[in-house]
1. Is there a pair in K146/K174; K106/K163; K84/K276; K27/K249; K146/K286; K162/K332 whose C-alpha atoms are over 27 Å apart, and which pairs would that be?
2. Counting only heavy atoms of the protein chains, get the accessible area per residue of the chain (1.4 Å probe) and round it to a whole Å² value.
3. Treating the angle as unsigned and between 0 and 90°, give the value, to the nearest 10°, between the Cα long axis of helix 2-25 and the longest Cα principal axis of the chain.
4. Can you give the Rg and Dmax of the chain based on its C-alpha atoms, in angstrom?
5. Residue-wise, which Karplus ³J(HN,Hα) couplings in Hz belong to region 198-203, taking 6.51 cos²θ - 1.76 cosθ + 1.60, θ = phi - 60°, and x for glycine or proline?
6. Counting only helical runs of four or more DSSP H residues, what would the 222 nm mean residue ellipticity of the chain come to if each run contributes -39,500 (n - 2.57) and the total is spread over all its residues?
7. Each residue of region 283-291 in turn: what ³J(HN,Hα) in whole Hz from Karplus with 6.51, -1.76, 1.60 and θ = phi - 60°, glycine and Pro shown as x?
8. I need the Debye-formula profile for region 197-330: one equal scatterer per C-alpha, no solvent, reported as log10 I(q)/I(0) at q = 0.10, 0.11, 0.12, 0.21 1/Å, two decimals.
Amino acid sequence: MKKALLLVGCMAACFSMLSCTKKAEEKEITLVMAEVNPAETIAGQMDQAFKQKVEELSEGKIKIDLQCSGILGDVDSVMDLMLKPHSTIQIHRMSAVNMAMYGCKKSSLLSIPFTFSNKEHFWKFATSDSAEEILDEPLEVGLGLKGLFFGEEGFRHFFSTKKIEKVEDFAGLKVRGTNDKAMQGLIAGVKATSIPVNYADLYVALQTGVIDAAEQPIANYLANHFNDIAPYMIFDGHTLGVMEAVITKECWDSLSEKQQQILIEAGKYASEFCRKLSQTEEDKVKEGLLAQGATLTNVDDIKPWQQACADVIAEGASVDPIFYQEILNYAKNDAQPPRGKKIAK
């Protein structure tokens, strides 16, 4: 009996030593994460939640070097670097519309005007198997990136240096929008003129009259002080600011299964953090904007807006009409994934 106990004790000691050795041999790694918005925005706070959870779950073995406010460059600059071998940036928080511009067709469906009826509709989708298909799409199209998790920074609205109260007020205005078909079609639909301007130059472009209007989620509008020079915002809510964090395939493949799982779990945490933050943050922002003298106009009837971009909606949905209908179905209380398909990671 004593020999048996001694043997068990020795085995336990050996197992403990091996475990400690394995833990000691785990290398500390630092992953650089780029964010174009300031740290205090919804996007920036979501990124920080992700960073904190990764470092907590990994016990400090994985560190996230988060760089906000476009310090590492604008979206295109960061993407150019991440699509090359041995990128010095491993993770990037970007919008779904940007993913669409890099060949991710399913991501483009998320930017079709008036797709999401409200935030609850989006989050039903974002936590579904359908969402996994979009996260995996960059790998499938050979982009060399993998989606980690979703977030949203609120519905996007137009703001202007001139008072705008209805669709007709956009006729003849010079408007900066993202360079995708959906946004360009929407601008044309409201009879405005699209003017290309880099996000980093947006403030100056409004200040100097290069453009009359632009569009952003309300939190970004205040955080970037656009209300100082363009104090009129109309809550048309043409698209939801869907966000997606991506990691380079090269970096992802270099991680152990345990490290990959940590990033996935931290991503789920960051998404839920974003979900809770988004609405409360928007309410605070509205109060702040009103206090600073901004003019905020509600849209009572969205139909004229939908009619103005009816062609854009139809064209966008034609990319994958079945999958688009699947996204729309999540607006229903009893919505279930039509195909019941679980996507392998």
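The values are calculated or read from the model by the stated rules, or taken from the named source; none is laboratory data. Quick caveat, the model's predicted, so the values are computed rather than measured. Here the Cβ is made from the backbone with ideal geometry for all residues, glycine too, and neighbour counts use every protein chain on show. Surface accessibility is based on the protein's heavy atoms, side chains included, excluding ligands, DNA and RNA. Shrake-Rupley method; radii C 1.70, N 1.55, O 1.52, S 1.80 Å.
1. On the way: K146/K174 36 Å; K106/K163 35 Å; K84/K276 35 Å; K27/K249 19 Å; K146/K286 35 Å; K162/K332 38 Å.
From the list (K146/K174; K106/K163; K84/K276; K27/K249; K146/K286; K162/K332), the Cα-Cα distance tops 27 Å for K146/K174; K106/K163; K84/K276; K146/K286; K162/K332.
2. Numbers: 16550 Å² over 345 residues.
So the chain comes to 48 Å² accessible per residue, rounded to a whole number.
3. That works out to roughly 40 degrees.
4. Considering the chain through its Cα atoms, Rg and Dmax are 22.8, 93 Å.
5. 5, 4, 5, 9, 4, 4
6. Numbers: 15 runs with 164 residues, N = 345.
Helices in the chain give a 222 nm mean residue ellipticity of -14500 deg cm²/dmol.
7. After applying 6.51 cos²θ - 1.76 cosθ + 1.60, I find 4, 5, 5, 4, 4, x, 5, 5, 5 Hz.
8. -0.54, -0.65, -0.76, -1.27
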